Amino acid sequence: DHYNVGVAMINRGDLESAMNHLQSPLKLAPKGDHILYAMAAANPGMFTAAIAISGDGDEEKAGKMVKAGWRIFAGERDHIVAPGKSAKMARALEQAGANVRFTIYPGADHTESWLRAFEEPDYCAWIFSSAEYRGPPKGRK
């Protein structure tokens, strides 16, 4: 499936192809952050930074995602992914010990939450200063 293909690309060191594969808005738009949370949980310690916009994940796996710093964004009027789902993940990650910065945009719907997140003045600076590829988890090649 889409997720496993992306992880296989990462594990063999083909990061450019993995990023192109996993970040395709046509492929990930409906469940992009669900896959982000699943990848972070399945590969603890692989990523040092993650940004989730209007997404949901399995809060029971938050303990596996604490090595990454998190920026989580949601729109107050998002009817596609309720902002409570993003808040749930932010709380679970914080309680598990992750460094989390959570932002709810007042009056924003699903699309506006994405646009506003990308307009954050430190969006790119944060991800590039925090992100460092660490290679596949130990025991994987």
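The values are calculated or read from the model by the stated rules, or taken from the named source; none is laboratory data. Keep in mind it's a predicted model, so treat the numbers as computed, not measured. Neighbour counts run over all protein chains shown; Cβ positions are idealised from the backbone, glycine included. In case anyone asks, the SASA skips ligands and DNA or RNA and just uses the protein heavy atoms, side chains included. Shrake-Rupley method; radii C 1.70, N 1.55, O 1.52, S 1.80 Å.
Some notes on this structure:
- Tally of residues being open to solvent by less than 90 Å² (accessible area, probe 1.4 Å) and of a type in the set (Asp, Glu) across region 92-123: 4
- Single residue of region 73-91 satisfying the filter (outside any loop (DSSP other than H, G, I, E, B), touching an Asp or Glu at 6+ places or on another chain (Cβ under 9 Å) and not aromatic (Phe, Trp, Tyr)) that is farthest from Asp33 (Cα to Cα): Arg91
- Residue tally, condition in contact with a Ser or Thr (Cβ under 6 Å, 6 or more places away or on another chain) and within 22 Å of Cys124 (Cβ to Cβ), over region 69-87: 5
- Take the conditions (1) surrounded by 15 or more Cβ atoms within 10 Å (Cβ to Cβ); (2) modelled with pLDDT under 60; (3) over 24 Å from Asp109 (Cα atoms); Leu28 misses just one of them, which is (3).
- Considering region 92-110, the residues that are in a helix (DSSP H, G or I) and either touching a His at 6+ places or on another chain (Cβ under 8 Å) or touching a residue at least 24 places away in the same chain (Cβ under 8 Å) (or both) include one that is farthest from Gly75 (Cα to Cα), namely Ala96.
- Within region 59-87, considering residues that are under 16 Å from Ala41 (Cα atoms) and open to solvent by 20 Å² or more (accessible area, probe 1.4 Å), the one modelled with the lowest pLDDT: Lys67
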